[in-house]
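Worksheet: one structure, shown below.
Coordinate-derived values only; no laboratory data. This one's a predicted model, so the numbers in the text were calculated from it and none came from an experiment. Backbone-built Cβ (ideal geometry, glycine too); neighbour counts: all protein chains shown.
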Amino acid sequence: MDPHALLSELRALIDRHADRAPLAVDGLLLTRAVRPEEPGASLARPVLAVVAQGSKRLTLGDRVHDYGAGQYLVVSVDLPVAGHYTQADPEVPFLACGFTLEPAKIAALLLEADADPLPRSAAPHGLAVCDAPAELLDATVRLLRLLDRPGDAQVLAPLIEKEILWRLITGEQGALVRQIGLADSQLTHIGRAIRWIRDHHTETLRIEDLARLAGMSASPFHRHFRAVTALTPIQYQKRIRLQEARLLLMSGARDIADIGFAVGYDSASQFSREYRRAFGRPPGQDALRLRGETVPSPV
C-alpha cells in the first residue's frame, strides 16, 4: 500500500462528495474548506478525523495541536476547543473525513477481540494527533469508495468502520481509543463529570460533588480532569457557558445582559469581560459579526 497514492485517492473522493447530501454511508463526516479563518470556539465531540489535504490548528487550554495531510485526530470526550484552518484555499482546499466514535461499538470490538484492559491508574489526554498508518488510510479510502456504490454501502460500510476502529485500537493512539469503550476506565469516569458540567453549566460547581460522581476523591479527580481536558473543572464550565452564550447571541432573540445571566453569570460586566477575552470582541460586536451585519467602527 502506497500512502501517497492512498492520500491522492482520498483527496479526490472527499473533494467529489463533500458538498453532496445525504451521503450513502451513515455517520460519515466530510469537510472541505477553501480559506483560512479566525480561531473559532466549538465543542469537539468524540470523533476520528483523517486529513487528506491542508492543515488545521486546535487549541485546548494551553495545548496546541497542529495536524495536516496524512495525519489523524482523535477526540475522546466533549472538549471546548478553539480551531481554525491554517492551510486552505480555493486551489488547494482543506479536505478531511471522519466519523463519531461510539463507546458501545468500541466496547463490543474489545469484547470480541478479548483485548486486555488498560491500566486504570492514568487517563490519557482527551485529544491526540499522530501520523496515519497505511492500513488506516487504506480502510478509510475503501469506506469512501462506497459513496460511489450506495448499493454496497449498507452491507459493507459497517464492516469497514469496524476495521477502522480496530486499526485505531491497535495503533499509536490505542490507549486513548480503548478507554472510550471501557466502562470502568479513568476516561469514562471523567466523562461522567464532563457531561454533568455540560448539562448543568448554569449551576454552581462543587468539586467534591463532581469527584463523587466520578468515583474519586477531590485531589485525584482534579488531576485526572486536567490531564484529560487541559482545563480545570471551573475553566471547563466557563468555556461551556461562553460557547452557549455565543449560540444565543447568534439568534439575536435576547438582550446581551440577559444572555449572560441565562448561562450562569451573576455579573453582566464579568460576562462581557470574559466573553471578549475568549472571542476577541465584546458580545455585541461579535453578535453583529456572526449574524453578518456591519460592525460599527470604534473610531
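The stretch 10-47 and the stretch 205-266 have Cα centres lying 28 Å from one another.
When only Cα pairs below 8 angstrom with a gap of at least 6 residues are kept, the chain shows a relative contact order of 17 percent. Neighbour counting of Cβ atoms within 10 Å sorts the residues His17, His84, fewest neighbours leading, into His84, His17.
If you bin all the Cα-Cα distances of the stretch 3-181 at 5 Å, starting from zero, the percentages per bin are 1, 8, 17, 21, 21, 17, 10, 4, 1, 0. Note on the chain: dipole from Cβ charges, positive end direction compared against Val64, Trp166, Ser76; the farthest Cα belongs to Val64.
Taking the chain as a Gaussian network of alpha-carbon nodes connected by springs under 10 Å, the highest mean-square fluctuation of the residues Glu37, Glu91, Glu163 belongs to Glu91. Equivalent ellipsoid of the stretch 27-92: semi-axes from √(5λ) of the C-alpha gyration tensor, largest first, are 19, 14, 11 Å. Over 16 Å apart: what share of the alpha carbon pairs of the stretch 186-232 falls there, rounded to a whole percent? Tail fraction, whole percent: 26. Cβ-to-Cβ counts within 10 Å put Ile164, Ile234, Ile194 in ascending order as Ile234, Ile164, Ile194, the fewest first.
With the dipole of the stretch 8-116 worked out from charges on the C-beta (+1 for Lys and Arg, -1 for Asp and Glu) around the Cα centre, which of Leu109, Gln87, Gly27 lies farthest toward the positive end? Value: Gln87. Classify the stretch 55-104 from the C-alpha gyration tensor, please: rounded if a/c falls under 1.5, else prolate or oblate depending on whether a/b exceeds b/c. Here the stretch 55-104 falls in the oblate category. Quick note on the stretch 88-197: its Rg to Rh ratio, both from C-alpha atoms and Rh being the Kirkwood radius, is 1.02. Convex hull volume of the Cα atoms of the chain, normalised per residue: 146 Å³. Ordering Lys238, Lys105, Lys56 by the number of other Cβ atoms within 10 Å of each residue's own Cβ, fewest first, gives Lys105, Lys238, Lys56.
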